[in-house]
2 protein chains.
Amino acid sequence: MYQLTYLLYKHQWHIPPSMKVTMEVNNRYITIKTHIEGAPKESDFELKNAALALSIEAGSNDLIVKTLYVSIDPYQINRMKSYSSSRKATVAAAPITPGEAIDGYGVAKIVVSGNPEFQKDELVVGFVGWGEYKLVKGGDRLRKLDPMGFPLSHHTGIFGYGGLTAYSGFFEICKPRKGEKVFVSGASGSVGNLVGQFAKLFGCYVVGSVGNNKKVAVLKEKLGFDDAFNYKEEPDLKATLRRYFPDGIDVYFDNVGGDMLEAAVANMNLFGRVAACGAISEYTNASKRASPNMLDVVYKRIKIQGFLVSDHINLYADFVSTIGDHLRNGKIQPLEDISNGVESIPSAFIGLFQGDNIGKKIVCVAED
Amino acid sequence: MYQLTYLLYKHQWHIPPSMKVTMEVNNRYITIKTHIEGAPKESDFELKNAALALSIEAGSNDLIVKTLYVSIDPYQINRMKSYSSSRKATVAAAPITPGEAIDGYGVAKIVVSGNPEFQKDELVVGFVGWGEYKLVKGGDRLRKLDPMGFPLSHHTGIFGYGGLTAYSGFFEICKPRKGEKVFVSGASGSVGNLVGQFAKLFGCYVVGSVGNNKKVAVLKEKLGFDDAFNYKEEPDLKATLRRYFPDGIDVYFDNVGGDMLEAAVANMNLFGRVAACGAISEYTNASKRASPNMLDVVYKRIKIQGFLVSDHINLYADFVSTIGDHLRNGKIQPLEDISNGVESIPSAFIGLFQGDNIGKKIVCVAED
């Protein structure tokens, strides 16, 4: 039927109304109603329905894909704000326009291909969307996926940007040495849980901070962290970190910013390194800013280095090979938190900022 | 006479009181009365008088030196506090005890030597003191000085730690590229004025911030900065920096911390580098903390790197040779602000925090 649409389009034949119905799908997708300031809430989002013609322009290289798994990531909130510095900074952080479809990383299946490099029913990974279907212009930012025997969800999470962020951030930015003391905040999140596991495998001492006791147990019992604590039960984070790191912190992998960054800097050793990966505590509350003591930064020669995974794509092949081996050998545990259905995307996203997820948050939009 | 003292000491001969007078000097030196919190003031300091026997222990390698020029540096305030993180961090930042003599970098002349490597009347440079004379145990942290035809004050300032701080911080920490946009705060200070001059010579565009209009004129007219501004006349530093750097800042050499660091981070370009050299605005006011926007740090991949000159001593020979050439060729202007007499040390030091000095603050304790 898709080929027919294409032929009809190409030759500009008249399409009788009765045929048109069969050449469309009903596409349900998520939008924001307005720009979001502060924490996101259900009423900020709308589930829209729209007919999507399963046809592509001749010679366009466009694809129509069906979303299977989509990654739910905190950074998207910065794209939903009316203004953010992130907008100027990166393509990945391009603004999201209210009412329009939202793009996001995930795994999809090709429904219609006008691109000679892709065939119908092939799996792809890359920037799909927060919806059931998407017309992908020129096949941009998608590549063919070989699942390598792993579940498709893994290709949204651990083999995706979250995994590469953890890998590149820990090894390239933190430049760890065996035996060093590593602190990870947001340690049960998509990136943090892997940083901790990488650090342990590499021979570091690792402590993670999380927001509830169930997560503490997962880190210690399932993922092999040396220790973990629930920051919500700790009134004085500087004292807490002094307790968990009596010999100081060498590497801090920061996913949260705010008070935790200050406390970590106060407890760092000489030549300590901070990988500034994210600042979720500041995303939804601009007044909550970290004020690290600059005297500590100077005297202890601390490096605070912001980074984005997009600068480390060159590591991807190494990364996939390494992680694949570790997963097969059981040396790394995948930690995924999967919801089902396109309609669950807003609550999955909102939950990130409430600490609901344990591990990589993924929505399964369709099984296949 | 010194040799006689030595012999008397060695053989434990009785020294008649009448001789003793000639074997002592009256040493005037500065102490702090108590630990200092906040900005230093005259009443925090005391000029003490004490007889200093011009004799040294046999076989001790000790020296007695006469201070000629002493460097007056903001970091000393951190050593005068009752507690500071700097204490744990470096030898150079070891605490200063109330009532005791204060050590500081400078040029001195040897008065008595018990060290075969040093001769009487030789010039030395290194850690002398805030006083007229000093007994230097083992000759520690002193080395012979070849003035190379330059004034002795230059060896306290531009050829001293201030110069090497500027050189190593700019070239090693900032890793500048020709044509980059460089912002320097505290730009008429001992380090800042040189950073700006190095950056200009290297081919960067350089703007400096200072605390009065006379300093603005010095930077622009004498030192060749592309531009300069008086931060005290700028109510909105973010807007000010946007005006001076319409294309953004690539390198920020931070001597002040606080609001200026925040404003610089907000105006930085992708992959911007901050050399955190000092935070004078925070030294005397612990509540004045910089809160750089971590979203900027992450998305713009900004690096904030604390450093101390003591980690870059390996560059010293290169540095001296380069700066010597530049001074001889008139490519670098020395900027010195010299007071006279040991009694002027407290006001010279206090003045650092009031922005009194233009250039490297030095006290000439004795001409020779």
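Okay, here's what the table says:
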{"quantity": "Subset of the stretch A:146-204 (residues that are of a type in the set (S, T, Y) and within 24 Å of A:K232 (Cβ to Cβ))", "calculated": "A:S185, A:S188, A:S190"}
{"quantity": "Residue in the stretch A:322-338 that is outside any strand (DSSP E or B) and hydroxyl-bearing (S, T, Y) present", "calculated": "yes"}
{"quantity": "Long-range neighbours under 7 Å by Cβ, at least six apart or interchain, first residue farther than 18 Å from B:F245 by Cα and assigned by TED's automatic domain parsing to the domain that holds B:F225 within the stretch B:186-213, second part of a helix (DSSP H, G or I) and small (G, A, S)", "calculated": "B:S190/B:G162; B:V191/B:G162; B:V191/B:A166; B:L194/B:G163; B:L194/B:A166; B:F198/B:A166"}
{"quantity": "Single condition A:G359 does not satisfy, out of (1) surrounded by fewer than 18 Cβ atoms within 10 Å (Cβ to Cβ); (2) assigned by TED's automatic domain parsing to the domain that holds A:G131; (3) in contact (Cβ under 8 Å) with a residue 60 or more places away in the chain", "calculated": "(1)"}
{"quantity": "Unmet criterion (only one of (1) buried (at least 18 other Cβ atoms within 10 Å of the Cβ); (2) away from every other protein chain (no Cβ under 14 Å); (3) closer than 20 Å to A:V191 by Cβ) for A:Q333", "calculated": "(1)"}
{"quantity": "Residue list for the stretch B:304-325, restricted to those being in contact with an Asp or Glu (Cβ under 9 Å, 6 or more places away or on another chain) and more than 14 Å from every other protein chain (Cβ to nearest Cβ)", "calculated": "B:L315"}
{"quantity": "Filter result (under 11 Å from A:K66 (Cβ atoms), free of Cβ contacts under 8 Å to residues at least 60 places away in the same chain and touching a Ser or Thr at 6+ places or on another chain (Cβ under 9 Å)) within the stretch A:107-159", "calculated": "A:V107, A:A108"}
{"quantity": "So A:S347, is it in a helix (DSSP H, G or I), farther than 22 Å from A:L145 by Cα, more than 7 Å from every other protein chain (Cβ to nearest Cβ) and at pLDDT below 95", "calculated": "no"}
{"quantity": "Residue count, the stretch B:109-131 (criterion: part of a loop (DSSP other than H, G, I, E, B) and surrounded by fewer than 23 Cβ atoms within 10 Å (Cβ to Cβ))", "calculated": "9"}
{"quantity": "From the options B:A279, B:A264, residue that is assigned by TED's automatic domain parsing to the domain that holds B:V210 and modelled with pLDDT of 95 or more", "calculated": "B:A264"}
{"quantity": "Counted residues, the stretch A:260-291 - those being of a type in the set (V, I, T), more than 9 Å from every other protein chain (Cβ to nearest Cβ) and not in a helix (DSSP H, G or I)", "calculated": "1"}
{"quantity": "Filtered residue count, the stretch B:242-259, keeping only those that are surrounded by fewer than 24 Cβ atoms within 10 Å (Cβ to Cβ) and within 12 Å of another protein chain (Cβ to nearest Cβ)", "calculated": "3"}
{"quantity": "Test: residue in the stretch B:287-309 that is more than 21 Å from A:R273 (Cα to Cα), out of contact with any strand residue (DSSP E or B) (no Cβ under 8 Å at 6 or more places or on another chain) and in contact (Cβ under 8 Å) with a residue 24 or more places away in the chain", "calculated": "yes"}
{"quantity": "Which numbered condition A:R328 fails, given (1) charged (D, E, K, R); (2) more than 10 Å from every other protein chain (Cβ to nearest Cβ); (3) buried (at least 23 other Cβ atoms within 10 Å of the Cβ)", "calculated": "(3)"}
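The values are calculated or read from the model by the stated rules, or taken from the named source; none is laboratory data. Quick caveat, the model's predicted, so the values are computed rather than measured. Counting neighbours? That spans all protein chains shown, and the Cβs are built from the backbone with ideal geometry, glycine included.
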